[in-house]
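A quick write-up on the structure given underneath.
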Amino acid sequence: MLTPKQEKYVTYLAKGMTQRKAYKKAYGCVNWKAKSIDNRASKLFRNTEVKARYMELVEKAAKRAEIKAEDILAEYKAIAFANGTDYAEIKDGSVKLKDTSDLDDDKKKAISSIEETKFGISLKTHDKMKALEMLAKYVGLLEKDNQDRSELPTINLNIVDNTNLKEIMKEGND
């Protein structure tokens, strides 16, 4: 069984403090020399009960914060493949936002903010290009040492000025 000070020390360590800072905070040794604190902290950490408690706390924290690569990739994918027309449509010459309750979860993941402004409702999405870049890195499209670029898929992007958005959207619907 750990003493209250030992428990504090281990808790501070599990939260990411250095041994020196954790020992100093748990034991209140403010005016001690760094070398003395380091020696005592190191000795305390070698205590089997202290080390076991530390491992227990770290494992609990890891389980609470467990994030899988698939989860991260799913978030990036949702952002990367979201389009403006998922959130708004042009009807009778004006832009109408879609009801968020009609959006699927992937579309909602791509939204970074929705706010009311003096000009109306503003909907912003996360950075699509950054998400595409991260996905491309993950699948190896951006590796510097890719020698044979002929095997890589081609990505064609058409960049348009959004001042003509209404006309472009209208042409697409004809």
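The values are calculated or read from the model by the stated rules, or taken from the named source; none is laboratory data. Owing to the predicted nature of the structure, the values given are computational and were not obtained by experimental measurement. So basically every Cβ, Gly included, is an ideal-geometry build from the backbone, and we count neighbours across all protein chains shown.
Key figures for this structure:
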{"quantity": "Unmet requirement for Glu59, which otherwise passes all of (1) at pLDDT 90 or above; (2) outside any loop (DSSP other than H, G, I, E, B)", "calculated": "(1)"}
{"quantity": "Out of Ala14, Ala78, Ala62, Ala82, sole residue that is of a type in the set (A, V, I, L, M, F, W, C) and free of Cβ contacts under 8 Å to residues at least 24 places away in the same chain", "calculated": "Ala62"}
{"quantity": "Qualifying positions in the range 89-121 - among the small types (Gly, Ala, Ser), within 29 Å of Ala136 (Cβ to Cβ) and loosely packed, with under 15 Cβ neighbours inside 10 Å", "calculated": "Ser112, Ser113"}
{"quantity": "Residue within the range 42-62 that is under 30 Å from Ile111 (Cβ atoms) and out of contact with any helix residue (DSSP H, G or I) (no Cβ under 6 Å at 6 or more places or on another chain) present", "calculated": "yes"}
{"quantity": "Among the residues listed as Gly16, Gly28, the single one being under 28 Å from the mean Cα position of the chain (by Cα), over 30 Å from Ala136 (Cα atoms) and not hydrophobic (A, V, I, L, M, F, W, C)", "calculated": "Gly16"}
{"quantity": "Unmet requirement for Tyr76, which otherwise passes all of (1) crowded, with 17+ Cβ neighbours inside 10 Å; (2) aromatic (Phe, Trp, Tyr); (3) farther than 30 Å from Lys128 by Cα", "calculated": "(3)"}
{"quantity": "The range 89-114, residues that are within 23 Å of Glu75 (Cβ to Cβ), of a type in the set (A, V, I, L, M) and outside any loop (DSSP other than H, G, I, E, B)", "calculated": "Leu97, Ile111, Ile114"}
{"quantity": "Checking Glu49 against (1) under 28 Å from Thr125 (Cα atoms); (2) out of contact with any strand residue (DSSP E or B) (no Cβ under 8 Å at 6 or more places or on another chain); (3) exposed (fewer than 14 other Cβ atoms within 10 Å of the Cβ), the condition it does not meet", "calculated": "(1)"}
{"quantity": "Output for the range 79-120, where each listed residue is closer than 22 Å to Lys130 by Cβ and among the hydrophobic types (A, V, I, L, M, F, W, C)", "calculated": "Ile79, Ala80, Phe81, Ala82, Ala88, Leu103, Ala110, Ile111, Ile114"}
{"quantity": "When residues of the range 17-30 are limited to those that are out of contact with any Leu (no Cβ under 6 Å at 6 or more places or on another chain) and in contact (Cβ under 8 Å) with a residue 12 or more places away in the chain, the one nearest to Phe45 (Cα to Cα)", "calculated": "Gln19"}
